[in-house]
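One structure below.
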Amino acid sequence: MRLSKKFLRKHRIKLFALAFIVLLCVGFASAYFTGKKITDDVSMQWVSHTEYWNNDSASTIVRLADYRGNAYNVDSCKVTILYPDKTIFVNNLDMLQSNIAGNWYKTDSLMGEPLGTYEQEVTCMKGPTIIKSSQSFHLNPALEEVNTISNNLNFARDELSNVNLTLHAKVEETGEEINVNLNSTETSLTNLMNAIEL
């Protein structure tokens, strides 16, 4: 027992070096045997955003890349999109190759389409290899409400501007006494128009 402790103390650096070399060899062997699988591993990343206005166009954009992030070339990509009620909106249609290597895209009009969450799935092929991924996008009711309010404010601003112009024309026709009364009204309309612009 004393001999082995003495031996370990005396040769500990050599033993650590030997253990390190063995682990290094095992690591290289493992990388060699699994390396082909790693280089063939492809990821599909979604580039397109997920929130749309009504009457907008939905973009389906994906990027295919290897484990190093380099563009991965495939033969073709197709997209399927489901309505919020899970019926088919776009049925397995071809996507186009982007000018950015590894990216594929397709654009579909949302003109008159129902609000809600749409599911989209992209399937890309390279020979017998199939790469799939899916996500969702929203035709957002909240964005629609913001759009409606913005349009109403613009309409109200235009109407108030027209009223102000009409009042100025009547002031010139009727005389100074009405002009005094209209100045306070005009100030109120101006304040109202400024408040709408905020």
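The values are calculated or read from the model by the stated rules, or taken from the named source; none is laboratory data. Not measured: the values here are computed from a predicted model. Positions of Cβ are backbone-derived with ideal geometry, glycine not excepted, and every protein chain shown enters the neighbour counts.
Please indicate, with yes or no, whether at least one residue in the stretch 115-125 is in a loop (DSSP other than H, G, I, E, B) and either without any contact (Cβ under 8 Å) to a residue 24 or more places away in the chain or on the phi < 0 side of the Ramachandran plot (or both).
yes
Contact map, the stretch 69-87: first residue of a type in the set (Asp, Glu), second residue in a strand (DSSP E or B), Cβ cut-off under 6 Å, separation 6 or more or different chains; pairs are Asp75/Met125; Asp75/Lys126. Leu96 meets all of the listed conditions (1) more than 15 Å from Glu121 (Cβ to Cβ); (2) modelled with pLDDT under 95 but one, namely (2). For the stretch 89-114, filtering for residues that are part of a loop (DSSP other than H, G, I, E, B) and more than 21 Å from Met44 (Cβ to Cβ) leaves 5.
For the stretch 66-88, filtering for residues that are assigned to a strand (DSSP E or B) and either of a type in the set (Lys, Arg) or surrounded by 18 or more Cβ atoms within 10 Å (Cβ to Cβ) (or both) leaves 5.
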